[in-house]
Amino acid sequence: MFSHLQPRPADPILGLSVKFAADTNPNKIDLGAGIYKDAAGNTPVLACVKAAEQFRVDNENTKAYINSMGSALFNEKFTELMLGEHRVIAEKRIRTLSTPGGTGALRIAGEFINSCKPGATIWVSNPTWANHQGVFTAAGLTVKTYPYYDYENNCLDFNGMLEALKDVPAEDAVLIHACCHNPSGMDLNNEQWQQVAELVKEVGFTPVVDMAYQGFGDGLEADAYGLRLMADIVDRMVICGSCSKNFGLYRERIGACSVISASAAESDTVGTILPAIVRVNYSMPPAHGAAIVETILNSAELTQQWYGELAEMRDRINGMRQLLVDKLIENGVQQDFSFITRQKGMFSFLGISKEQVQRIQDESSIYIVGSSRISIAGISPSNVDYLAQSIAKVL
Ligand code: LMR
């Protein structure tokens with residue numbers, strides 16, 4: 001049965017982590033996977049997470065099954081985090097389920113759309129997270145792209161995006177990044193969100209908003225602006241959230257998928273379809289990550305502590321954006337990289353070729369995704385000089 005199998009290429013992002021781990025160069029730098037690192041290069045467990053875990057150890061009294069939707073308290077608290085006190089909650093038009101990470105949320109969203117319209121088309125931005133295409137294809141959808149990033153000028157191709165979205169059929173879905181666009185770091189501003197949300201309403205396709213980095217751009221509220229506006233304006237949408245980055249719970253696999261329906265009755269029906277999709281996939285989500293997040297969000301004290309720790313991660317990344325641009329200038333780079341300071345979240349594109357990315361890896365042991373996406377979170381005051389010199393060398 002297996003004899004005909006051919007090896008598959010490594011994942012463009014996760015494959016880099018494996019190579020990085022095997023590299024013995026003491027100066028190596030990991031700018032591959034989107035994972036926060038502190039100035040010492042560690043990905044620490046947040047103190048609020050440690051406190052929540054201690055609380056669980058002391059108070060958890062069963063490991064019995066929950067259900068396919070996951071923890072009701074997590075679902076309630078996480079929905080509030082994403083949407084604030086939005087009317088869709090009072091109107092009982094939203095169903096949220098806990099998922100194994102943000103990727104799990106995307107897969108459930110894809111399967112939900114496929115159950116609404118088998119083989120439906122979903123449009124993703126060009127570029128987008130390397131795994132979107134695979135996840136949606138695996139869920140049975142057809143994936144197409146709309147323009148998003150202007151590679152020549154390192155900015156948003158907003159007109160291209162709007163023009164393309166005008167022609168999207170009403171029965172299709174469109175994935176939009178809520179904030180901290182992965183991989184470009186180029187976000188819509190508030191006016192642009194208004195225009196996009198009005199266009200969605202007019203054209204009638206279903207928006208799927210992917211919010212994997214809430215809190216890593218301008219802050220928890222500001223980063224949710226577009227998503228909340230979309231929920232104000234359209235009747236139906238899907239939201240995919242993640243706790244991997246903002247709670248630092250990468251390996252716990254906790255995220256959420258929410259579906260907003262046009263009415264409470266429609267939402268009741270959706271509420272029967274989502275658990276059915278989960279049941280035949282993985283039956284029910286893992287509980288530990290959800291338990292940590294709900295414990296934090298259910299405690300005013302732990303929530304305050306989390307705000308502080310999240311702000312620290314965000315501020316460090318933003319500081320590294322400026323520092324990298326300064327160091328490139330210091331190392332004689334003529335090319336303008338100031339766009340890096342205008343981008344948000346963990347990522348930016350360097351805008352260099354695949355060959356240059358490979359040279360940086362081969363010559364300097366600096367690991368960058370082939371598209372030239374760098375994870376800014378991997379930069380620190382102690383490695384930025386070496387990084388800037390290595391980039392300068394291949395330009
Ligand atoms: C990334 O884009 O690097 C992260 O979301 C990690 C992943 O799973 O790809």
If you place +1 on the Cβ of every Lys and Arg, -1 on the Cβ of every Asp and Glu, and leave all else neutral, what size is the dipole of the chain about its Cα centre, to the nearest 20 Debye?
-> 960 debye
In the chain, taking the dipole from +1 charges on Lys and Arg beta carbons and -1 charges on Asp and Glu beta carbons about the Cα centre, the listed residue (A90, A51, V238) farthest towards the positive end is A51
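Where does each of T103, T341 land when they are ranked from fewest to most other beta-carbon atoms within 10 angstrom? If you can, show how the numbers build up before the last one.
Values: T103 20, T341 14.
Arranged by neighbour count, lowest to highest, T103, T341 become T341, T103.
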Point-charge dipole on Cβ atoms (K/R +1, D/E -1) for segment 65-298, about Cα centre, debye to 20 = 900 debye
By the Cα gyration tensor axes a ≥ b ≥ c (a/c under 1.5 gives rounded; else a/b larger than b/c gives prolate, otherwise oblate), the shape of segment 1-75 is oblate
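Note down the relative contact order for segment 65-298 as a percent, whole number, built from C-alpha pairs under 8 angstrom at least six residues apart.
Over segment 65-298, the number comes to 30 percent.
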Counting other Cβ atoms within 10 Å of each Cβ, which trypsin sites (Lys or Arg not before Pro) in segment 296-348 have at most 11 and sit in a DSSP loop?
-> none
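Cα gyration tensor of the chain, axes a ≥ b ≥ c as square roots of the eigenvalues: rounded (a/c below 1.5), prolate (a/b > b/c) or oblate?
Numbers: a/c = 1.56, a/b = 1.30, b/c = 1.20.
It comes out prolate by the Cα gyration axes.
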Cubic angstrom per residue, convex hull over Cα atoms of segment 328-395 | 84 Å³
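Rounded to the nearest 5, what is the percent of antiparallel bridges among the DSSP beta bridges in the chain? Could you put the intermediate results ahead of the total?
Working: 17 of 36 bridges.
Taking every DSSP beta bridge within the chain, about 45 percent pair in antiparallel fashion.
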Inter-label distance for D235 and Q6, nm, one decimal - labels placed 7 Å from Cα along Cα-to-Cβ = 4.7 nm
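How do 252-261, 55-64 rank on mean C-beta neighbours within 10 Å, highest first?
On the way: 252-261: 26.0, 55-64: 9.4.
Packing order, densest peptide first, comes out as 252-261, 55-64.
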With a 10 Å radius around each residue's Cβ, average the other Cβ atoms per peptide and rank 266-274, 157-165, highest first.
-> 157-165, 266-274
Toward the positive end of the charge dipole of the chain, about the Cα centre and with charges on Cβ (Lys, Arg +1; Asp, Glu -1), which of N331, H288, L162 goes farthest?
-> H288
Considering only I260, G185, V135, whose Cα is most displaced toward the positive end of the charge dipole of segment 65-298, charges sitting on Cβ of Lys, Arg (+1) and Asp, Glu (-1)?
-> V135
Please give the contour-minus-distance gain from K50 to R87: 0.36 nm per residue of separation, less the Cα-Cα distance, rounded to one decimal in nm.
-> 10.0 nm
Magnitude of the Cβ-charge dipole (Lys and Arg +1, Asp and Glu -1) of segment 27-156 about the Cα centre, nearest 20 debye, reported as 360 debye
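All of the numbers you see were taken from the coordinates with simple rules; none came from a lab. Small disclaimer: the values here were computed from a predicted structure and weren't measured. We place every Cβ from the backbone using ideal geometry, glycine too, and count neighbours over all the protein chains shown.
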